[in-house]
Amino acid sequence: MTSLRRFLIISILAVFSLGTFLASLQGYRSSMNEAQAIFDQQLRASAERLLDTPIAQLSTPAAPASDIDNASVFQLIDANGNILWRSSRTPTTPISAESGFSEANFGGYRWRIFSLENETQSRRVVIAERSDLRYRLAESVVLQSVIPVLLVLPATALIIWLIIGYGLRSLRDLAEQLKHKATDDFSAINLESPPDELAPVVSAVNHSLQRLGDAFERERRFSADAAHELRTPISAISMHLHNGLAQPEHAAEALTKLAPDVERLSHLVEQLLLLNRTTAETFPSQFLPIELQKFCREIIAKLYPEFAKRGQQIALLGESATIHGDRFTLQILIENLLRNAMKYCPNGAQIEIDIRNSKTVTLTVRDNGPGIEDKDRERIFERFYRAGGDRHNSGESGCGLGLSIVSRIAELHSAKLSAGKGIDHQGLAIHVDFPQPPKTKQES
Amino acid sequence: MLSTSVIILLREVLEAVLILSLFMASAQRSGLNNRWLLPAIGIGLLASIGYASQLSTIANLFDGVGQEIFDAFSLILLSVLLPLTMYGHFIRVKENSRPAGKLYALMIGVTIIAIAREGAEIYLYLSAFIPSPELRNSLFAGSAIGVGLGFSVGALFYFWLGSFKEQYGLRINAIIASLIAAGMILQACKMLIQADWLPDGQVWDSSGLIAEDSVLGQLMYALIGYEASPAPVQIAAYFIVLLSSLAFLFSGLYQSRTKAEKDVNHPQARNNHAA
């Protein structure tokens, strides 16, 4: 099919014409038969009137020519076969016809004949009408109802063409907009009141465009940020290497200075890889039910030696709650939140995981560390953002990707992320609000 | 008059339109364009006027049966060329790179012959009655209905043929082409019987069931060569052509399929060949 519009117009017109023409043809045939029946009825009535005409009153053997229509003739014949009375231009010999209706040729034409006998008066009347004239008269009457149907068809075709064009205008607009879109234009398609059938298409296209635009922007920013972030430790490593090579006697000192930068670079690369793994494109579409409290307990157990090393206290509070999610990424989310708290809190600090199950399932990680200023709270989930500059007051180095990854994972789980005050209005609290899973799902 | 005009125009238009629909649908499947169509129709219409103007001369040939012989010859030619054209389409469906010059020539040739034949009949019919003013209304109304019905059926037939998946569509095309070709040979035999070149007879009479001068009768005439009272020689010719055409076309379908399968199994061989 090359054109939807052409297909619709031609097929609708074909079906319409087929129906109309067949109906017209059938109507024509029925009307013609009906007209012939009416003519026959008139022929019979004329024959009956002629047969009842008193023959004694006739002054001449032939009717005056002016009274006889050329289209019809008659003969009044007695029992002996003598013509008592006849119309002009009628054969002078009796027309041979059986009683009732019949057809015969004479005078160069085909005739429809009706013959009626009056046995009491011993005479019969033969009346005939020219078949061609009868047919033509009937056809001219019937055609009056057929011709308008034919004449109106081109107008109907034009209206169908316009209506289909009007009906498909949204599709045409959509095609035009898509056709003229620049390769880097991810703005939404805007259709004026799209029909119900097209609205999901427009919505899906706009959604795809938005995702594509977001991904494009994300990748662009990511490349720029990553290049910038990677440059700093690489420059430092390069400088220490240069120093070490230039002054071999101080090589050990240079290598010692090199270690934290290599560690930072390694951490940065690891986080970048994690960030890449948590994009929507690489994310599994199937979520499994996860009992959050049990899940957090497992993670705390895994990280406990690190908390203990710093003398930090870790507590799991709240209640049992089940969410739907991906175990691998949720583990990264919780670990990143805990490591973030661990990293920025001083030794001996207190850290809590609190799980609340009401309208939504809320997971909160709070601490009583130094916290962050209110103005910075909105920005902590941005990539490569570090509160307080490149090195936090805690003295810990970071790459600024931990909370960004948390934010990405939360987004993939349709969870809302927010930051607030920590324990006793000190420190920092990060809240993750997960949507409630369907009731029928079982816990993992 | 209207009824007669409808039937005559419908019969002539349907024969040509069904062939055109079949070619257009096949061309679409084999990746050919329809640019050949308008020139072919134009030449066919001109040829029909030329044929009609020479008809009296042709009619006097062969002891006065020249028209029947000429008609029979053109029908036999069409019944051979039609399966050949379809065969060309089947081969090309699987080999898009194959040159399509001969295929275009075949389609144009068949279209010109079909339109010249049918167009001449229409031309003669209309030119005989147009001088009578009292018949003009019914003549034109009948012609319009006949042509309208013919083109409507043709358009729906085209879309119907295009609605099948390729695997079934090609088989349907093969069957339809064989039926049309067999119908043409049936009519060719009728012409030769009328010219006393073949023996007459009657195997059955189904005019009470489907009258030849009904719309359905005309549709079946164009599609499968329906005739209410065929002679034995017509039946024999019909089935010989039908079966041989089906065998020929399905062998073409099978060959093109096995060739495609070989290409799938040995793509390297094909690439080397193409190189």
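The values are calculated or read from the model by the stated rules, or taken from the named source; none is laboratory data. What you see is a predicted model; the values in this text were computed from it and never measured. Quick reminder, even Gly has a Cβ in these numbers, built from the backbone with ideal geometry, and neighbours come from all protein chains shown. Surface areas here come from the heavy atoms of the whole protein model, side chains and all, with no ligands, DNA or RNA. Shrake-Rupley method; radii C 1.70, N 1.55, O 1.52, S 1.80 Å.
Going by what's in this entry, would A:Ser17 be described as within 8 Å of chain B (Cβ to nearest Cβ) and part of a helix (DSSP H, G or I)?
It is true that A:Ser17 is within 8 Å of chain B (Cβ to nearest Cβ) and part of a helix (DSSP H, G or I).
Being more than 14 Å from chain A (Cβ to nearest Cβ), touching a helix residue (DSSP H, G or I) at 6+ places or on another chain (Cβ under 6 Å), surrounded by 20 or more Cβ atoms within 10 Å (Cβ to Cβ) and within 30 Å of A:Arg134 (Cβ to Cβ) is the requirement here; does B:Glu12 meet it?
yes
Which residues, taken from segment B:229-253, are aliphatic (A, V, I, L, M) and closer than 22 Å to B:Arg29 by Cβ?
Hits for segment B:229-253 are B:Leu246, B:Ala247, B:Leu249, B:Leu253.
Could you say which residue among A:Arg130, A:Arg134, A:Arg124 is touching a residue at least 24 places away in the same chain (Cβ under 8 Å), in contact with a helix residue (DSSP H, G or I) (Cβ under 6 Å, 6 or more places away or on another chain), closer than 30 Å to A:Ile83 by Cβ and in the same structural domain as A:Ser24 (by TED's automatic domain parsing)?
From the options A:Arg130, A:Arg134, A:Arg124, the qualifying one is A:Arg134.
Being within 10 Å of chain B (Cβ to nearest Cβ) and loosely packed, with under 15 Cβ neighbours inside 10 Å is the filter here; which residues of segment A:23-44 pass it?
Of everything in segment A:23-44, those that are within 10 Å of chain B (Cβ to nearest Cβ) and loosely packed, with under 15 Cβ neighbours inside 10 Å turn out to be A:Gln26, A:Arg29.
Whether any residue in segment B:155-164 is at the interface with chain A (Cβ under 10 Å from one of its Cβ atoms) and over 23 Å from B:Ile224 (Cβ atoms) is what I want to check.
No; the residues of segment B:155-164 include none that is at the interface with chain A (Cβ under 10 Å from one of its Cβ atoms) and over 23 Å from B:Ile224 (Cβ atoms).
Inspect all residues belonging to segment B:31-39 and state whether any of them is assigned to a helix (DSSP H, G or I), out of contact with any strand residue (DSSP E or B) (no Cβ under 7 Å at 6 or more places or on another chain) and surrounded by 19 or more Cβ atoms within 10 Å (Cβ to Cβ).
No, the conditions are met nowhere in segment B:31-39.
B:Phe23 versus (1) more than 29 Å from B:Leu198 (Cα to Cα); (2) surrounded by fewer than 22 Cβ atoms within 10 Å (Cβ to Cβ): which is the lone unmet condition?
Result: B:Phe23 passes all but (2).
Scan segment A:175-190 for residues that are exposed (fewer than 10 other Cβ atoms within 10 Å of the Cβ) and either assigned by TED's automatic domain parsing to the domain that holds A:Arg218 or aliphatic (A, V, I, L, M) (or both) and jot them down.
A:Ala182
(1) within 30 Å of B:Val153 (Cβ to Cβ); (2) at pLDDT below 85: which one isn't true of A:Met32, the others all being true?
(2)
Can you pull out the residues in segment B:165-184 that are away from chain A (no Cβ under 14 Å) and without any contact (Cβ under 8 Å) to a residue 40 or more places away in the chain?
Listed by number, the residues that qualify are B:Gln167, B:Tyr168, B:Ile172.
Within segment A:1-22, which residues are open to solvent by less than 30 Å² (accessible area, probe 1.4 Å) and under 30 Å from A:Arg130 (Cα atoms)?
Scanning segment A:1-22 gives a single hit, A:Phe21.
Mind telling me which of the residues B:Ala188, B:Ala181, B:Ala177 ends up being crowded, with 16+ Cβ neighbours inside 10 Å, more than 30 Å from B:Phe62 (Cα to Cα), in contact with a helix residue (DSSP H, G or I) (Cβ under 9 Å, 6 or more places away or on another chain) and modelled with pLDDT of 90 or more?
B:Ala177
Find the strands (runs of 3 or more DSSP E) located wholly in segment A:301-357 whose residues include 2 or more that are in contact with a strand residue (DSSP E or B) (Cβ under 6 Å, 6 or more places away or on another chain) and surrounded by fewer than 21 Cβ atoms within 10 Å (Cβ to Cβ), and list them.
Qualifying strands (runs of 3 or more DSSP E): A:313-318, A:350-357.
Suppose we filter segment A:348-380 for residues that are closer than 20 Å to A:Ile323 by Cβ and touching a residue at least 12 places away in the same chain (Cβ under 8 Å); how many remain?
The number of residues fulfilling the criteria is 14.
Please state which of the following conditions B:Gly64 fails to meet, knowing it meets all the rest: (1) farther than 21 Å from B:Val147 by Cβ; (2) in contact (Cβ under 8 Å) with a residue 40 or more places away in the chain.
With respect to (1) farther than 21 Å from B:Val147 by Cβ; (2) in contact (Cβ under 8 Å) with a residue 40 or more places away in the chain, B:Gly64 is out only on (2).
Could you list, in sequence order, the residues of segment B:110-147 that are more than 14 Å from chain A (Cβ to nearest Cβ), surrounded by fewer than 18 Cβ atoms within 10 Å (Cβ to Cβ) and part of a helix (DSSP H, G or I)?
Residues satisfying the conditions are B:Leu124, B:Leu126, B:Ser127, B:Ala128.
Give segment A:397-433 a look and list any residue that's modelled with pLDDT of 90 or more and assigned to a helix (DSSP H, G or I), or say none.
Within segment A:397-433, no residue meets the criteria.
Consider segment A:299-331. How many of its residues are of a type in the set (S, T, N, Q) and under 15 Å from A:Val365 (Cβ atoms)?
Qualifying residue count, segment A:299-331: 3.
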